[in-house]
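Quick note: the coordinates plus some simple rules give every number you see, no bench work behind them. Bear in mind the structure is a predicted one, so any value in this text is a computation, not a measurement. Cβ placement follows ideal geometry from the backbone for every residue including glycine, while neighbour counts extend to all protein chains displayed.
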Amino acid sequence: MNSLRCLVSLLSVLALWIGTERSGVALTDPGEIRVASKPFTESYILSEMLAQIIDATGEAKAVRKFGLGGPTLVVDGIKSGELDIDVNYTGALAHLMLPTKQNPTSDELHSALRAHGLLLSQSLGFNNTYAIAVRSETARALTLHNISDLRNHPNLRGAFTPDFLNYDDGFYKLQQVYGVPLTQVKPMQHSLAYQALASQEIDLTDAYTTDGSLSQFDLTLLSDDRDFFPKYYGVILIRAAIAQRFPKTWTALRKLEGTLSDSQMTQINAKVDVHKQAITEVARQFLLEQKLITGSERGTTLPGSVLEDSLWTSTYEHLMLVLSSLFLSCLIGIPLGILAVQYRRTGQLLIALTSLLQTIPSLALLCFLIPLLGIGARPTIFALFLYGLLPVSQSTTSGLLSLDSRLIETARILGLTKWQRLRLIALPLASRNILAGIKTTAVINVATATIAALIGAGGYGRYITSGLAMNDASLILKGAIPTAAMAVLFHFLFECLARWVIPKGLQSERPTEP
Amino acid sequence: MITVSQVSKRYPDRTVLSEINLTLPSAATHVFLGSSGCGKTTLLRIIAGTLAADCGTVMVDGVRVVVADPCPLATRLGYMTQEGGLFPHFTAEQNVTLVAKVRGIPSSERKQRLDELSTLVGLDQGLLSRYPHQLSGGQRQRAALIRALFLKPQYLLLDEPMGALDPIMRRDLQAMLKQVFSQLQCTVILVTHDIGEAAYFGDTITLLHKGVVLQHGSFSDLVHRPLHPHVTAFLQAQRPVPQLGELGP
């Protein structure tokens, strides 16, 4: 019992520590500008450029919040003041801000954003919109130049990203506009679709016009002869308050306007995607060429971007996510399990609810939580806490129900109160089960916490997310291997903890005949 | 004195006790005898106040027993089950002093009581630091008896306390219990299915069968003045030990 108490106090101290360390997400340091990026190469590079310009201007310090997932997350984050700046796309912004309007004008978009306290730069130059890609050899063989040319080839096999298949302005609208009667269409992720295209499993897919990996696969982009696709011009999206507070920085950032053509952007993306150059270097090189930074600040004001963050930082973040959510799961889950034994019906209902939570996909759950808890560590911890409720409460219940009822009856006749029976007899006797449930939760949480990277809470997931986005296996492994190692470590840690927490009398129930 | 009047208990699928009436005077040993499933343990639990009867009342020293949590009779009851019912995660000492500790009895007093009782039941004090699984069956029962007697109860409820012991340990323990009962002068209810044990301990014997009291009286009443054919059948059911001569050379 004493050791249980120690464990609880240890975990509370940890939780407090995390509380003070990690709640900083929403607090603004007045000298900082929080630069966001989404998890794909172009977004990483452009946001890195913003960060370097901010640091070089010297008015404020750039804080990189890179690799944030989901289509609406970054814009929501900037709207709510948890993020400050990002490079976005006119088409995507129009879709978000003016969903009912067909082809809104630039002015309409600007005023819609202004209503939310957001400012937009002029276009950086390139238009990264959807395109239809085919193998160059197919294009030659079938003389395909425009999307209209597909009309005569209904047997071509298509694979499209789920986004493109579902968007209003995606594939099905395209079929209507162009009258393309494709019969074989399936959903597929981008990086996989390129591979499938190269190995002739499919014949066409959707691509982005500035995608750096296009050159790797010898693909031809069919031209959008009916002007179907909306324009996705790259623009800087910033909170108006930040632009006002740091006017020199905003002026410096706007010098990026019109500097990047489609082909330049594609080449820059290829440097990272194909030639595996470091994002920081690629961004820096471009800014030096354009004389947007002087280069004298090298080594002093150039912190590593998110991908060069140290493994220790990630380990710390990951560990904190797991431990604090685990603590909360125990704090609520164990009493819930006890209640489920005391009040069967109510308790079973509550436990059924926790199993319902289990069925919500983690990304979906995070999306629900963002409006309530913002982005960063808090929603992640809350989501992991919800996922941990079921194993912890279930194991508590089954541990308590499997006790020898005669022992509890004896305790009752001896005059122990309900609470004394629970504290002195039932919980220690069920400790093995309860601890097993906590261990399961811990190990699962280590794995699930990798999604944290998508909403800016860091951890090992940042390597996995970026690796997936940039099709870089070694980067994925940089996240996956420590994750696996941490899971194994937790497993052993709990084996040791069991020796400490489970009462000695229960550990070796071998009868030794004296 | 314990008075049981018109006590009945039904479970959805069967009747466990029907209309039990008993008077158990103080400072005597009363045995509930019967085969398993006859309702003797249920009756014991109803008397202890941990299980509610469907109807009827139990009076202990003129006060009606009501089921409540914690057990209202706990301060006056000592309780011991088959295998002792020691808590496996406590040492023997923690087990026997648990309730005294919870009630805030000072440790010097606990120590003194422990000394008295371990001498009384014949348990080596060195064994008290062991966990139940490190003790023999007889040692566990002695520790359980210390626990039952620790707060000087007026009533001692023993539910098949020797059910799991080998014959030699059982014999030793029976002799020890008999001595303790006469020394302490407390009221004992002992539940057993062993006729020899019932005869050895019982000032009165209550023979239960399928939830009904077949006969309540002394052992000699049961043998010589059976009220029901099943009384004789039950008493004769135990196989007598053959004389050595009958076994041949």
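Simple point charges give the picture: +1 on the Cβ of Lys and Arg, -1 on the Cβ of Asp and Glu, and for the protein assembly as shown a dipole about the Cα centre of about 2300 debye.
Check every DSSP H run in chain A and write down those whose alpha carbon atoms cover 20 angstrom or more along the long axis and whose mean Kyte-Doolittle hydropathy is 1.0 or greater. Length and hydropathy pass: A:311-342, A:473-501. Look at where the Cα atoms of the stretch A:242-280 and of the stretch A:66-89 average out, and the two centres are 17 Å apart. When chain B is treated as a Gaussian network with alpha carbon springs shorter than 10 Å, the biggest mean-square fluctuation among B:V99, B:V231, B:V63 belongs to B:V63. Residue pairs exceeding 26 angstrom between C-alpha atoms, taken from A:K418/B:K9; A:K231/A:K271; A:K271/A:K291; B:K152/B:K210; A:K418/B:K101; B:K40/B:K178: B:K152/B:K210. With N the number of residues in the stretch B:66-215, Rg(Cα) / (2.2 N^0.38 Å) evaluates to 1.05. For A:K101, which aspartates and glutamates qualify as cross-link partners when the Cα separation must be under 18 Å and same-chain residues fewer than eight apart are set aside? The qualifying aspartates and glutamates are A:D168, A:D169, A:D227.
Residue separation of A:Q348 and A:E137 scaled by 0.36 nm, minus their Cα-Cα distance, works out to 69.7 nm of gained length.
Placing a label point 7 Å from the Cα of B:S182 along the Cα-to-Cβ direction, the residues of the stretch B:28-65 whose backbone N falls under 18 Å of that point are B:28-31. The residues neighbouring A:L83, those whose beta-carbon lies less than 12 Å from its own, together hold a net charge of +1 under the Lys/Arg +1, Asp/Glu -1 convention. Relative to the compact-globule estimate of 2.2 N^0.38 Å, the Cα radius of gyration of the stretch A:29-164 comes out at 1.33. Hey, for a label at B:V63 modelled as a point 7 Å past Cα toward Cβ, could you say which residues of the stretch B:145-185 have their backbone N under 15 Å away? Once the point is set 7 Å along Cα→Cβ of B:V63, B:153-155 turn out to lie under 15 Å by backbone N, inside the stretch B:145-185. Using a Gaussian network model of chain B with C-alpha springs under 10 Å, which one of B:F90, B:F201, B:F32 is most mobile by mean-square fluctuation? Largest GNM mean-square fluctuation: B:F90. Each stretch of four or more DSSP H residues adds -39500 (n - 2.57); spread over every residue of the protein assembly as shown, this sum gives -15000 deg cm²/dmol at 222 nm. How large is the Kirkwood hydrodynamic radius of chain A, in angstrom, based on all distinct alpha carbon pairs? Final number for the Kirkwood radius of chain A is 25.8 Å.
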